[in-house]
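Notes follow the structure.
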Amino acid sequence: MNGKIICGYRILGILGKGGQGTVYLAEHEVLHRKYALKYAYGAEREQLKQEADIMKELTDRRIPFLVDQIEEDNVSVLVMEYVEGVSLKEYLQNNVPLEEDEALELLHQITEIVAYLHQQKGIVAHRDLKPANFVMAKDGSLHLLDFGTALTGMESLHCRDLCGTPGYAAPEQMCGARSGTEADVYALGAVYAYLLTGIDPALPPFHPPVPEECTEKVSKESRRLLRKTLDPAPEMRLQDATCLLREIETVQKRKKHLPARMESMAYQTVLITDVILATVLVGLRYRERPLEYAEWVCGGITILLFFWYLLRSILGPGERFVITREWNVTYTAKEKWGL
């Protein structure tokens, strides 16, 4: 099919195949810009139209915008923005397991995108979140693709059908029960477990590592996140990505302040030790016992503590500029779908 021209687009190659159709890389004959074309035949055409209805309402720049929808006799085509980069799946294959801070930051980025979907007026559930459906662009930003299984509206979110990818799909999805935003939360938890352990849930036995299987390097906070996202019972999980995002930001704040707390504890420990040592030295001097170099040691610690306190007072805590600084960001957001 390479080189074939359809409705003004020249096919350059295949980007991916799935149960909801084939995605091609194509170039516009006049504009000479690259786009992603998704084809669907037969019964899949209705699903493609539903995907277009969802995508045309999404304006976040981390989601490819819909350029055109083409209907021919026996085929439906969606023309979408082409995001050049590497899939998150490919990136992780050579990098997992990640350090916990890096894994948490990556989870924060993808959860922000999903939270945007869950905050829509109609509530959009993606229902197929996995590393292969995220693309890491050249500038490092993440983009969410493939809305073939997505549903919107409260009634649609409770339809009963089999969907998702084994390992990342919530238990209720795999048995055809009702699934909604809480199923997306499960998938995000499965992704986080993969980042921390390097065990891909999409491989046998097709389930993410549970918190008890994580190494001791994984903190209690991360284990708690996994429990809140990977509970087999939907009602026991965090109910949407917005709730999960708040949990992630809470953990990140705790981790950010941990070095400052450790420094403060160390300072207080040394100070108390110096006071105790000075008290003992005074008692020994009172009894006229030889002290050798003990006075010099105590005096040196006192001077060190003084300069330590003075330096901390001048410089202040290392995170002060991060916490109190306000950023003014100017950006352009799409108001409508299309070019």
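Screening THR165 with (1) within 19 Å of the chain's Cα centre (by Cα); (2) surrounded by 18 or more Cβ atoms within 10 Å (Cβ to Cβ); (3) in a helix (DSSP H, G or I) gives one miss only, at (3). Pairs linking a residue in region 162-185 that is free of Cβ contacts under 8 Å to residues at least 40 places away in the same chain and more than 14 Å from ASP231 (Cβ to Cβ) to a residue that is in a loop (DSSP other than H, G, I, E, B) and of a type in the set (S, T, N, Q), with Cβ atoms under 9 Å and 6 or more positions apart or on different chains, are CYS163/THR149; CYS163/SER179; GLY164/THR149; GLY164/SER179. In summary, LEU31 fulfils each of the numbered conditions (1) touching a strand residue (DSSP E or B) at 6+ places or on another chain (Cβ under 6 Å); (2) farther than 17 Å from PHE134 by Cα with the single exception of condition (1). Tell me, which residue of region 56-74 that is among the charged types (D, E, K, R) and touching a strand residue (DSSP E or B) at 6+ places or on another chain (Cβ under 6 Å) is nearest to GLN109 (Cα to Cα)? Only one residue tops the list, namely ARG62. In region 88-101, which residue that is in contact (Cβ under 8 Å) with a residue 60 or more places away in the chain and farther than 14 Å from GLU249 by Cβ is surrounded by the most Cβ atoms within 10 Å (Cβ to Cβ)? Among those residues, the one meeting the criterion is LEU92.
Of the residues making up region 168-208, those that are over 28 Å from GLY122 (Cβ atoms) and surrounded by 15 or more Cβ atoms within 10 Å (Cβ to Cβ) are ALA193, TYR194, LEU195, LEU196, THR197, ILE199, ASP200, PRO201, ALA202, HIS207, PRO208. Scanning region 83-129 for residues that are basic (Lys, Arg) and more than 18 Å from ASP240 (Cα to Cα) yields one hit, LYS89. If only residues of region 69-86 that are polar (S, T, N, Q) and surrounded by 17 or more Cβ atoms within 10 Å (Cβ to Cβ) are counted, the one that is modelled with the lowest pLDDT is SER76.
For region 150-172, what are the residues that are at pLDDT below 90 and of a type in the set (Val, Ile, Thr)? Selection gives THR152 alone.
GLU212 meets the conditions (1) under 18 Å from the mean Cα position of the chain (by Cα); (2) assigned to a helix (DSSP H, G or I) in every case but one. The failed one is (1). Residues in region 35-60 that are more than 15 Å from GLN120 (Cα to Cα) and among the charged types (D, E, K, R): LYS38, GLU44, ARG45, GLU46, LYS49, GLU51.
All of LEU129, LEU66 fail the test of being crowded, with 20+ Cβ neighbours inside 10 Å and under 23 Å from PRO208 (Cβ atoms), apart from LEU129. Hey, can you tell me all the residues within region 1-55 that are surrounded by 12 or more Cβ atoms within 10 Å (Cβ to Cβ), small (Gly, Ala, Ser) and at pLDDT 90 or above? Selection gives ALA26, ALA36, ALA52. Residues in region 43-58 that are in contact (Cβ under 8 Å) with a residue 24 or more places away in the chain and part of a loop (DSSP other than H, G, I, E, B): LYS56, GLU57, LEU58.
The values are calculated or read from the model by the stated rules, or taken from the named source; none is laboratory data. Note that the structure is a prediction, hence the values are computed from the model and not measured. Ideal geometry is used to build each Cβ from the backbone, glycine not excepted, and the neighbour counts take in all protein chains shown.
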